[in-house]
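Structure record follows, encoded as structure tokens.
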Amino acid sequence: MEDCVFCKIIAGQIPSDIVYHDKTVIAFKDIHPVTQVHLLIVPREHIAYLTDLTEKQSTLVGHMILVANELARQTGIAEKGFRVVINVGSEGGQMVPHLHLHLLGGRRLSEKMG
Ligand code: 5GP
Ligand code: ZN
């Protein structure tokens, strides 16, 4: 996707702090972290919204969760706890229309979800 910021990061056209990559996903540091650990786990394939996922692509989200678990262990937040978030659409707070999972941790997060 030409104008997609995450596709550009994946293509190496925009610099980012990449912490993990494999053949289906990459993970990099959020440019505006809201917690000490704030990583984005992003499929290489451009899927705009979670709601666009097809049955064939559904294993991708499971893989993204496993990568989040591994990165939580690597960054030392797994034991105390962390949060994974997928924002969907405008009311869901999704600013970048390329599916991504936020991995948030490093401090006590608000109990309020909304
Ligand atoms: P959303 O609101 O779509 O769920 O989250 C998008 C996230 O992407 C935001 O937390 C924002 O800070 C991050 N972001 C937007 N543009 C860039 C960028 O160019 N580089 C990086 N590393 N993060 C970005
Ligand atoms: Zn994209």
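The values are calculated or read from the model by the stated rules, or taken from the named source; none is laboratory data. If you're wondering where the values come from, they're calculated on a predicted model, not measured in any experiment. Cβ atoms come from the backbone with ideal geometry, glycine included; neighbour counts cover every protein chain shown. The protein model used for the area step is the full one, side chains on, heavy atoms only, and it has no ligands, DNA or RNA in it. Shrake-Rupley method; radii C 1.70, N 1.55, O 1.52, S 1.80 Å.
Listing for the model above:
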{"item": "Stretchable slack from Ala78 to His46, in nm (0.36 nm times residue separation minus alpha-carbon distance)", "result": "8.7 nm"}
{"item": "Residue-averaged [θ]222 nm for the chain, counting only DSSP H segments that reach four residues, each worth -39500 (n - 2.57)", "result": "-6000 deg cm²/dmol"}
{"item": "Vicinal HN-Hα couplings computed from phi for the range 78-89 (Karplus, 6.51 cos²θ - 1.76 cosθ + 1.60; Hz; Gly/Pro x)", "result": "5, 5, 6, x, 7, 10, 10, 9, 10, 7, 10, x"}
{"item": "Lysine pairs with alpha-carbon atoms under 23 Å apart, the chain, spacing 8 or more or separate chains", "result": "5"}
{"item": "In nm, spacing of pseudo-spin labels at Ile18 and Leu53 (7 Å Cα→C-beta vector)", "result": "2.4"}
{"item": "For the range 37-52 and the range 54-99, distance of Cα centres in Å", "result": "8"}
{"item": "5 angstrom amide H check on Tyr20, placed H, neighbours 5+ away", "result": "Ala27"}
{"item": "Shape of the range 55-101, Cα gyration tensor, a/c cut at 1.5", "result": "oblate"}
{"item": "Accessible surface ranking that places the most exposed of Arg44, Arg83 first, with a 1.4 angstrom probe", "result": "Arg44, Arg83"}
{"item": "Share of pairwise Cα separations in the chain, more than 16 Å, in percent", "result": "59"}
{"item": "Rounded to the nearest 20 debye, dipole of the range 2-114 from Cβ charges on Lys, Arg, Asp, Glu", "result": "420"}
